[in-house]
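Read the structure below first, then the notes.
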Amino acid sequence: MSEWRFRPARDHGLTLAERVQSYDRERGLGSLITSGAWRLLCRLYLRVVHRLSITGMEHLPPPPFVMVANHSSHLDALTLASSLPWSSGRKAFALAAGDTFFTSTPASVFAAYAVNALPVWRKKTKPQDLDDMRRRLTDDGGVLILFPEGTRTRDGTMARFRPGVGSLVAGRPIPVVPCWIEGAFAAWPATAKFPRPGPLRLIIGEPLLFTETAQDRAGMVAIAEACEAAVRGLAPKR
């Protein structure tokens, strides 16, 4: 029998303001209940108001894995998170712009405990942050939702993927699930304050693996290009 050892919570000793912005944040019972209720509410909203349809659910692997998609709306993260089955959804966290969703303690608490978001500070991401994200994936068996374009499109066209996703999965057995979200730009573009009714469609593609890809700049760029091509390939033909 292995020796039992007590491991304190990684976020033990942090203040509330520090905890909600920390990659070491752990989920308690209250957070699981809050985020579960939020996901059910979002799923109901997306089904009723946006008539969300999902194809390709059979392509979702067991955690850990990364979901990547085109990014045109605040509806995107809600759509991806709401599509996950409970076993994966309760372990999912989305990367969110720190200067948008973590600008105040109330906003940070909502983003952290309802949406289970982790902040990404534009032009301030450190190597340690990437190490912490990888640990959340591998050690906790998590699901990471990210948008490699880095920002929402302003004209509806998908931008080139940045290589950050490659730094998370290069040389590691972590699948990347490409997704295409249709209709989010029409329903809630970046230029609008509030969403309007309109159909949403989520297409989930087959997972990609990059276990043999080098963990260097060239490898990260190659991964970003492969993910971008897979996402574009899911777009309905015009």
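Nothing in this text is a laboratory measurement; each read-out follows from the coordinates by a stated rule. All of these numbers come straight from a predicted model, not from anything done at the bench. Positions of Cβ are backbone-derived with ideal geometry, glycine not excepted, and every protein chain shown enters the neighbour counts.
Just subtract the alpha-carbon distance of Thr157 and Trp86 from 0.36 nm times their residue separation and send over the number in nm, one decimal. Can you show the working numbers first?
Working: separation 71, 0.36 × 71 = 25.56 nm, distance 3.18 nm.
Here the answer is 22.4 nm.
Here the stretch 28-234 carries DSSP beta bridges of which approximately 20% are antiparallel, counting only pairs with both residues inside. Using a/c under 1.5 as the rounded threshold, could you call the stretch 76-184 rounded, prolate or oblate? The axes a ≥ b ≥ c are square roots of the C-alpha gyration tensor eigenvalues, and prolate needs a/b larger than b/c, oblate otherwise. Taking the square roots of the gyration eigenvalues as a ≥ b ≥ c, the stretch 76-184 is rounded. 3J(HN,Hα) along the stretch 205-213, derived from phi through the Karplus expression 6.51 cos²θ - 1.76 cosθ + 1.60 where θ = phi - 60°, amounts to x, 6, x, 10, 10, 10, 5, 9, 7 Hz, with x in place of Gly and Pro.
Taking 1 over the mean of 1/r across every pair of different Cα atoms in the stretch 28-234, what Kirkwood radius in Å do you get?
Hydrodynamic radius (Kirkwood, Cα only) of the stretch 28-234 equals 17.2 Å.
Across the options His74, Gln128, Thr55, the greatest Cα extent toward the positive end of the charge dipole of the stretch 49-132 (unit charges at beta carbon of Lys, Arg, Asp, Glu) belongs to His74.
Return Trp121, Trp188 ranked ascending by Cβ neighbour count within 10 Å, so the fewest neighbours appear first.
Fewest-to-most Cβ neighbours within 10 Å comes out as Trp121, Trp188.
Spin-label pair Gln215-Leu40: with each label point 7 Å from Cα along the Cα-Cβ axis, the two points sit 4.1 nm from one another.
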